[in-house]
Every structure is written in C-alpha cells, then in structure tokens.
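Below you'll find the structure, written out as structure tokens, and then a few comments.
A short reminder: the numbers here are calculations on the coordinates, not readings from a lab. Everything numeric in this text was worked out from a predicted model, so none of it was measured. All Cβ positions, glycine included, derive from the backbone under ideal geometry; neighbour counts span all protein chains shown.
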Amino acid sequence: MSTHVINRVSALTLHVRAAIQSLKHLMQSDHGVALTIAGVPSLRDDILTEPSGETYRRFREFNLSMIRRGSRSAILFGSNFVKSAEKLGVSAREEDEFAERILFAEHGQVGRSIALAKEILRDAVSRKRDELSLAHAERVFRKINGDLEMTPFHFDDWSAVKRELEAIGWGQ
C-alpha cells in the first residue's frame, strides 16, 4: 500500500474520531439537541462500533417513515417538486403526476424519492429543457436502475400504469 493511500486512510480515521468526539460533546451539553445524520451510513456504523460504547448509549435513533399516497407528506412532496421545477425554469404538466410516480418508483422512501426527483430536475436543466417529460424521466430512472420492462414513468395515464406495475408485483 502506498504512503498516499495510508495517509488518506489515517486522515479518514481521524475525521471519524473527531465526528464521534463532537457528537459526545453535543450529547453531554445541558441543552437538548436534535442532530440529523443523513447520507453518511458509515458514520452510524462507526458510532455503533466505537470502543467505549458511550456515544451509542446516549444516541437515540429515529428512522424516517415512508411517504404514503394521499398523505400530507405526499402532498408536500408534490408541491415542493413543482416549486423546485418552477424555480429552475422547468414546467411540469399536472396530468403527468410526476410526484406520485417518483414516490411510487422509490416505494415512498424519503431520501431515495428526493434523490430521484433531484436527478430528474438536474437532467432537465442540464439538457436545457423547458418542460419535464415522462420519456426523459423514464430515461433518468432507467439510467439509475437498469433496463426494466416497464417503469412508473411509462407514457400512459398514471392510474393505468400504476395498475399494470402493481399487477407485475412492483409494490412488493
């Protein structure tokens, strides 16, 4: 192993230790603290395996629930998606029901749904599109997930697409 690689591994180890030490300090303070760790699954693993176990004993773990169809969270997700598209100068036709398709595609998982929505919007902006299309959303989805027979972005009425996907076991 080269010295450069060893130095990078050592630096990473120091960063993890520093992050855990900072967590300990926050959890020992007088005031209540809520800390969200997202997008760094390895940090959770490092907290679990920290030798003293002190950090994990003080650590309460909560997981985000799924966004269910028709829920307030689904409505907020949809309005945020449309507002984000508008801010980026891209329109989304209401009848295409992008937000519902995205949530269905990612089984209502918050982080994955947001990541897919961002990727669809990023693609539209980078390709200088004025309007989102199901065909382009489907291409983005296939790029991430491989070539599937049918996706939630199939060009057809959303209720028909959803029915067909459920019939082939998509929601399981």
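Here are some notes:
- Phi angles across the range 46-54 convert, under the Karplus curve 6.51 cos²θ - 1.76 cosθ + 1.60 with θ = phi - 60°, into 3J(HN,Hα) values of 5, 5, 5, 9, 4, x, 6, x, 4 Hz, Gly and Pro given as x.
- Residues in the range 91-107 carry Karplus couplings, in order, of 9, 10, 5, 4, 5, 7, 6, 4, 4, 4, 5, 5, 4, 5, 4, 9, 6 Hz; the curve used is 6.51 cos²θ - 1.76 cosθ + 1.60 with θ = phi - 60°, and Gly or Pro positions show x.
- For a straight C-alpha distance cut-off of 30 angstrom, the lysines reachable from Lys162 (same-chain residues fewer than eight places away being disregarded) are Lys83, Lys87, Lys118, Lys128, Lys143.
- Taking amide H as placed 1.01 Å from N in the peptide plane, Ser71 has no amide H partner under 5 Å among residues 5 or more places away or on another chain.
- Length gained on full extension, Glu119 to Ile144, computed as 0.36 nm times the residue gap minus the Cα-Cα distance: 8.1 nm.
- Charged side chains reduced to their Cβ positions (Lys and Arg at +1, Asp and Glu at -1) give the range 39-150 a dipole of some 280 debye around its Cα centre.
- Of Leu64, Ile120, Ile102, farthest towards positive along the dipole that unit charges on Lys, Arg, Asp, Glu beta carbons give the range 62-128: Leu64
- Length released on extending from His15 to Asp45, taking residue separation times 0.36 nm less the Cα-Cα span: 9.4 nm
- A straight chain from Arg93 to Ser79 at 0.36 nm per residue would run longer than the Cα-Cα distance by 3.8 nm.
- For the range 140-151, putting each phi into the Karplus relation 6.51 cos²θ - 1.76 cosθ + 1.60 with θ = phi - 60° gives couplings of 4, 4, 5, 4, 7, 10, x, 7, 10, 4, 9, 10 Hz, in residue order, rounded to whole numbers and with x for Gly and Pro.
- Cut-off under 5 Å, modelled amide H: who pairs with Ser91 long-range: Glu131, Leu132
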